[in-house]
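Below: one structure, written as structure tokens.
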Amino acid sequence: MLIKTINSMLIGWIVLCVPLAADAENLTLSADPSVPEGLLDYIMPRFTLKTRIRFERVDSGGDLRFGADPSESTSAVFDVINGPSIFLITSPESEGQPDVVAFREWLNSEPGRAALSDFQINDESVVIPAAVEVAVAAPVTIIGDVEIGRTLSLSHCSRCHKVDRADKYSGLDNSPSFHAMRSFDDWFVRFSRFYAVSPHKALIIVEGSGISKNPKLISMEPIRLTLEEVNDIVAFVHSLEPLDLGRPIQANP
């Protein structure tokens, strides 16, 4: 119990040191009395450490709320042992925002479910992660312009990523190439919302995305795109031949 307490304190301290995007406006998060006391203090630092996303904690009525009253559009996140099922309920304004989507995905991921399972009170587990529903893959529809996407990718993305395999001097050594990322099973999701995750969200402004930013807080000249241009980049990436990476990539959760 002492070791777990020390680990929790250490994770919380590390999270405080993790630089968050200065331009992000934190959504609020609350928990109803039906949620075991201390649970959010246990899982939230782990989520923030993984994603650099932080929600402002409030006593009640948060943009995101853990509670026992389900809505038609959400599934239970976990079950309290000898208690109710708990849902993540979001306000209409926050539903669909990238940080909320990332939080839902984390809660259903292996690390998120492990964090819920590991939480204990008096050396006893108090919650059980809900069963994960297997999603049916939706068909991918490509609607962008390949050539426009190629031009945009070479102009902006080649600062960090190798876009053209023939160009030996583009990209950074620690950034995967477009051809390598095209081989990922979730490449479509990654490229469709790349502007909403770090480090891209600190320097990219996408008109029409619903994500507002203050350009004055961006330390370098921001990259300005439209949603149509994001679709063009996706179309270009779709046209690339996936790079054969051999064995599946072993990524830390």
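The values are calculated or read from the model by the stated rules, or taken from the named source; none is laboratory data. On a predicted model such as this, the values are computed, not experimentally measured, just so you know. Counting neighbours? That spans all protein chains shown, and the Cβs are built from the backbone with ideal geometry, glycine included.
Would you list the strands (runs of 3 or more DSSP E) that sit entirely within the range 50-101 and hold 1 or more residues that are of a type in the set (Val, Ile, Thr)?
Details: elements: 64-67, 76-80, 85-90.
Because the criterion is at least 1 residues that are of a type in the set (Val, Ile, Thr), the strands (runs of 3 or more DSSP E) in the range 50-101 that meet it are 76-80, 85-90.
For the range 206-226, name all the residues that are surrounded by 15 or more Cβ atoms within 10 Å (Cβ to Cβ), out of contact with any Phe, Trp or Tyr (no Cβ under 8 Å at 6 or more places or on another chain) and within 18 Å of Cys157 (Cβ to Cβ).
Taking the range 206-226 first, the residues surrounded by 15 or more Cβ atoms within 10 Å (Cβ to Cβ) are 206, 209, 211, 213, 218, 222-223, 225.
Now drop any that are not out of contact with any Phe, Trp or Tyr (no Cβ under 8 Å at 6 or more places or on another chain), which leaves 213, 218, 222-223.
Residues satisfying the conditions are Ile218, Pro222, Ile223.
Which condition from (1) buried (at least 17 other Cβ atoms within 10 Å of the Cβ); (2) touching a residue at least 40 places away in the same chain (Cβ under 8 Å) is the one that Ile143 breaks?
(1)
Does Asp23 satisfy the criteria of being among the acidic types (Asp, Glu), buried (at least 18 other Cβ atoms within 10 Å of the Cβ), modelled with pLDDT under 95 and not in a helix (DSSP H, G or I)?
Answer is yes for this residue.
Quick one: in the range 48-74, which of the residues that are of a type in the set (Ser, Thr, Tyr) and surrounded by 15 or more Cβ atoms within 10 Å (Cβ to Cβ) is farthest from the chain's Cα centre (by Cα)? Break it down stepwise before answering.
Our first condition is that a residue be of a type in the set (Ser, Thr, Tyr); within the range 48-74, this holds for 48, 51, 60, 71, 73-74.
So of that shortlist, the ones also surrounded by 15 or more Cβ atoms within 10 Å (Cβ to Cβ) come out as 48, 51.
Values: Thr48: 10, Thr51: 6 Å.
Residue satisfying both the conditions and the ranking: Thr48.
Residues in the range 105-122: is at least one in a strand (DSSP E or B) and of a type in the set (A, V, I, L, M, F, W, C)? Walk me through it before giving the result.
As a first pass, look at the range 105-122 and keep what is in a strand (DSSP E or B): 120-121.
From the residues that got through so far, the ones that are of a type in the set (A, V, I, L, M, F, W, C) too are 121.
So far as the range 105-122 goes, yes, one or more of its residues are in a strand (DSSP E or B) and of a type in the set (A, V, I, L, M, F, W, C).
Which of the residues that make up the range 112-126 are crowded, with 16+ Cβ neighbours inside 10 Å and either among the polar types (S, T, N, Q) or under 17 Å from the mean Cα position of the chain (by Cα) (or both)? Lay out the reasoning, then the answer.
Initial filter on the range 112-126 (crowded, with 16+ Cβ neighbours inside 10 Å): 112-113, 115-116, 119, 126.
Within the range 112-126, Gly112, Arg113, Ala115 meet the criteria.
Residues of the range 170-192 being among the basic types (Lys, Arg) and surrounded by fewer than 18 Cβ atoms within 10 Å (Cβ to Cβ), which ones? Break it down stepwise before answering.
Residues of the range 170-192 among the basic types (Lys, Arg): 182, 190.
The answer is Arg190, and nothing else.
Taking Gln97 as the residue in question, decide whether it is in contact (Cβ under 8 Å) with a residue 40 or more places away in the chain, polar (S, T, N, Q) and surrounded by 16 or more Cβ atoms within 10 Å (Cβ to Cβ). Please lay out each step first, then the result.
On the way: in contact (Cβ under 8 Å) with a residue 40 or more places away in the chain: yes; polar (S, T, N, Q): yes; surrounded by 16 or more Cβ atoms within 10 Å (Cβ to Cβ): yes.
It is true that Gln97 is in contact (Cβ under 8 Å) with a residue 40 or more places away in the chain, polar (S, T, N, Q) and surrounded by 16 or more Cβ atoms within 10 Å (Cβ to Cβ).
Which of (1) free of Cβ contacts under 8 Å to residues at least 12 places away in the same chain; (2) in contact with a strand residue (DSSP E or B) (Cβ under 6 Å, 6 or more places away or on another chain) does His156 not meet, given it meets every other one?
(1)
Does the range 224-249 hold any residues that are within 22 Å of the chain's Cα centre (by Cα) and at pLDDT below 90, and which are they?
Those that are within 22 Å of the chain's Cα centre (by Cα) and at pLDDT below 90: Pro248, Ile249.
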